[in-house]
Every structure is written in C-alpha cells, then in structure tokens.
Amino acid sequence: MDPRRGLPSVERVAAALDDDLPHAVRVHVARESVGAARELLEFGRDVHDEDVISDARERAIALQRRLLTKVVNATGVLLHTNLGRAPLGDDTLDAMRNAAGYTNVEYRLAEGVRGSRHEHAGGLFALACGAEAGIVVNNNAAAVLLVLATLARGRDVLVSRGELVEIGGGFRVPEIMAETGARLVEIGTTNRTRLGDYQRALTDATALVLKVHASNYRMIGFVSSTSVQELATLGPPVVVDVGSGLLDERTPWLPHRPEWLGDEPGVRQCLESGAALVSFSGDKLLGGPQAGIIVGRRALVDRLKAHPLARALRADKLALAGLQSIALAYLAHDASRLPLWKMATTPLADLRARAERIAAEVPGAKAVDTEAVAGGGSLPGLDIPSCGVEVEAVRPERVAARLREQRIVARIEQGRVVCDVRTVEPSDDDFLATALRVATEP
Ligand SMILES: *Cc1c(COP(=O)(O)O)cnc(C)c1O
C-alpha cells in the first residue's frame, strides 16, 4: 500500500492556517509540511493530520517572524547594523511621507524643466559642513566606489597599509579598489606611515590619496599616521572616507560635546584640513536614512554627478527627502532632536529613573549601570555610560529567546540578561516591562 495515501492534501493544510498570510504563502508553507510528513512516513513513522497541521502552523509563525518588522533595541548599541542603524524621527518621516507620492525629485518647478536629484540634499549637506558641493548616493560603500571609478580608473591611489581595512559586510578597501580599476599603491607599514612614504610613491600616475578612517578598530602603541593636513601638501586630491558622518567635531547642535566622541574626525574639519572630497554614511552618526554622502570641491563633485555609475548608485526620493530634513536640522543647529542624538545624550539620571521604573514591575529584576556603545563601525573602544534592567536567570539564553519572540533584542552578560534603556524609545518602556515579565515567568 502507498503510505502517502494517508497524508492530508496541501490545500487542506493551507486552509487550516490563519488567513493573515496570503494564500500563496500558506500553500508554500503547507507544501513544506506535507513534504516533511511524507519523508517521515517513508521512514516508517506514524503521521497524523493534526501533526502536519500543527507543523505547518509553526512554520507559518516562523516565517512571519522572519518578515521585516519593528524591534525594540535593548542592546545599548546605538547604530546596530543588524537592527537598521540610526532610528528615524517624526520630522524625517514626515518629510519622507510628503515625498512619497509625486515629488519634484528631478523637476524644477520654477522653470518647468527637468532638474537633477542632486540639487536638494547634496547641496544642503555641503552648506552644513562648509563644502562647495555635495552629492548623495545609495550608501557610503557606493560613495567610495563612485569616487574611485570616476577619479582613479587605470591610475594609482595611495593608501596607508594601516588603512586597508574591512568595514564589515564584506566591504574591503583593496577589493573595492580592484572593482573600480584603480591601482592600489600601499604606503608605509601597518602601524606607521609617514609623509615621506607617500612622497616616495608619488608619480605622474597618482590620481589621488585616499585616507580611510579606521572606524571599527583602534590601533594603540607604536603607531603613527599622516594627517589630512600633511597629505594635502602632496599635490594630488586627498579623499577621506570618514565613515560615521560626524558633520562637525565640535557638535554645535548639542549643548555640550559628548566626551565619548573621543577623536572621531568631523567632516568639516577634514575639509578645513585640505581634503578635496569627504565621504560618509547617512545612517551612522549623521542620524538619517541609509545613504552615502560626498562633499567637497565642486569640480570633482560635478565629475561624480556626470559618471554613468552615479545613475546606478543613486539614492531614491524617500531617502533624499529624509536627508533633506536632516540637513536642515543640522543647518538650524537643531540636530539634538534627531532620535540618534537624543538617545546618545539622554542624561544618565533619566536613564536610571526609567530602568528603575521598569525593574519595579518585573519580579527579580533590578536597575544596573551599563555601557552603551555607538556601534555601526564607529568609535571603537569608546563606551557611553548607560543604565539597564538586569534579570538573573538559570538559563539566560532562554529568557533572551522569549524576549526575541516579543521582538525585543537584549544582551547577555555573565549569565544575566540585560536590557539597556539608552537605545529604547521611552514610549516602549511599558512594552519592555510587560515583555520582561512574560519572558521571566517560570
Ligand atoms: C561604515 C563605513 C563604510 C561603509 O558605509 P555604508 O554606508 O555602510 O556603505 C565605509 N567606510 C567607512 C570608513 C565606514 O565606517
């Protein structure tokens, strides 16, 4: 007898699933469960209809959990790349919503003629950091690619051996360079590179000098590197990939400069030191949507705009609209309202009060001092004093998993589950307290 005769039909299993998923998805899930049941039957195992249906229900739940959704970031990592980096605020979202329908992204309303998508946010960012011109592309990796392809194809690019870094997600400076057809000329040694090392490598084939901020690691000890100011004396344009997008080292948009910013380079200061172009991410310390921004000399930026790759790497209208609102906030010295800066600069006493309020609602929980970090490949080794809610658990992994079921990402430290509140929106505090109670129930 064919044992498969005993299996329920795919249609029947699909019909038993909640209809909050589209029919085609329910059928896909049902087919997987029926297939798995068939294998079990072939191994001689007993399979009942209810088993197949409950397996399909579990698969449907698992599939739903994999879909893109809101999460609560209780990791204390402000720019968590896996959690979408910088959170966006209402002003930015309003600007994006406003541009969501038809918008003048490539149209000049005054003249009624075709315009360029580079006429809005790019120019405002240039203004915000004292550059002649700016352009926005899809992300900072794309920005570096565009600069090298436009200005250095078939020519030499000088880079210190200490800056041949991997940024994460497979973005490696030497590999990006190979893709653009630029020739990498390695300068100096891993720990020390001097101006003379660059001078000796200069030839007629040198297109530019590239300085990459070692944003995700820190070298200490017998180290020296060459400043932008020194590099600018060499002759060829100096391009600086600063990564994080701190527009100004002095943070004029904040009442006080946070100590934890350390010596993170500012875009404005790189330009003042003589950089011809500076590139950075939109969604790191800038606090905006995903983008790559390049600011600097107009003649060079114009060449970037005209390169065919600029079309392939272009930012979409929503990102451009969001970034425009971000640029305006910086220009108004009002960027302290961006969620990133608000979270980053919340006074410790406020965080402690919130952590204590949450802990009071969760049996066995207490407020503790923690250390938050910037993350997103910026400010390595620099901690931001913070507060969190800690629960002791026999099996902390299990508590963390139950929090994740409720879309809360916490961290585990020395056998304890810690929810750092610096990266949690205050409006999510009640949700976090309830979720912690559920997750810690025996
Ligand atoms: C993060 C980073 C990048 C990559 O930027 P994305 O916007 O993630 O593409 C490149 N260079 C540096 C120095 C970085 O820190």
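Some notes on this structure:
- Within segment 184-216, the residues that satisfy the criterion of being within 29 Å of the chain's Cα centre (by Cα) and either part of a helix (DSSP H, G or I) or away from the ligand (no atom under 14 Å from the Cβ) (or both) are 184, 186, 190, 191, 208, 209.
- Scanning segment 401-425 for residues that are touching a residue at least 24 places away in the same chain (Cβ under 8 Å), in a helix (DSSP H, G or I) and aliphatic (A, V, I, L, M) returns a single hit, 403.
- Checklist (1) under 30 Å from residue 375 (Cβ atoms); (2) open to solvent by less than 90 Å² (accessible area, probe 1.4 Å); (3) part of a helix (DSSP H, G or I) applied to residue 36, failing item: (1)
- Of the criteria (1) more than 16 Å from the ligand (Cβ to nearest atom); (2) open to solvent by less than 10 Å² (accessible area, probe 1.4 Å); (3) over 16 Å from residue 75 (Cβ atoms), which one residue 420 fails: (3)
- Residues of segment 128-161 classified as closer than 13 Å to residue 309 by Cβ, more than 16 Å from the ligand (Cβ to nearest atom) and part of a strand (DSSP E or B), total: 0
- Residues in segment 234-242 include at least one that is open to solvent by 30 Å² or more (accessible area, probe 1.4 Å) and not aromatic (Phe, Trp, Tyr).
- Single residue of 372, 393, 435, 410 found to be open to solvent by less than 10 Å² (accessible area, probe 1.4 Å), in contact with a helix residue (DSSP H, G or I) (Cβ under 9 Å, 6 or more places away or on another chain) and closer than 30 Å to residue 64 by Cβ: 435
- Restricting attention to segment 245-285, the residues that are of a type in the set (Ser, Thr, Tyr) and crowded, with 24+ Cβ neighbours inside 10 Å total 2.
- Residue satisfying all of: in segment 162-179; outside any helix (DSSP H, G or I) and within 11 Å of the ligand (Cβ to nearest atom); modelled with the highest pLDDT among these: 172
- Subset of segment 297-340 [farther than 16 Å from residue 122 by Cβ, open to solvent by 70 Å² or more (accessible area, probe 1.4 Å) and small (Gly, Ala, Ser)]: 312
- Every residue from segment 167-201 that is open to solvent by less than 80 Å² (accessible area, probe 1.4 Å) and of a type in the set (Asp, Glu): 197
- Residue count for segment 118-160, restricted to those that are acidic (Asp, Glu) and modelled with pLDDT of 95 or more: 2.
- Put simply, of 383, 428 the only residue that is assigned to a strand (DSSP E or B) and either open to solvent by less than 80 Å² (accessible area, probe 1.4 Å) or free of Cβ contacts under 8 Å to residues at least 12 places away in the same chain (or both) is 383.
The values are calculated or read from the model by the stated rules, or taken from the named source; none is laboratory data. This one's a predicted model, so the numbers in the text were calculated from it and none came from an experiment. Virtual Cβ from ideal backbone geometry, glycine too; neighbours counted across all protein chains shown. Heads up: the accessible areas ignore ligands, DNA and RNA and are worked out on the full protein's heavy atoms, side chains in. Shrake-Rupley method; radii C 1.70, N 1.55, O 1.52, S 1.80 Å.
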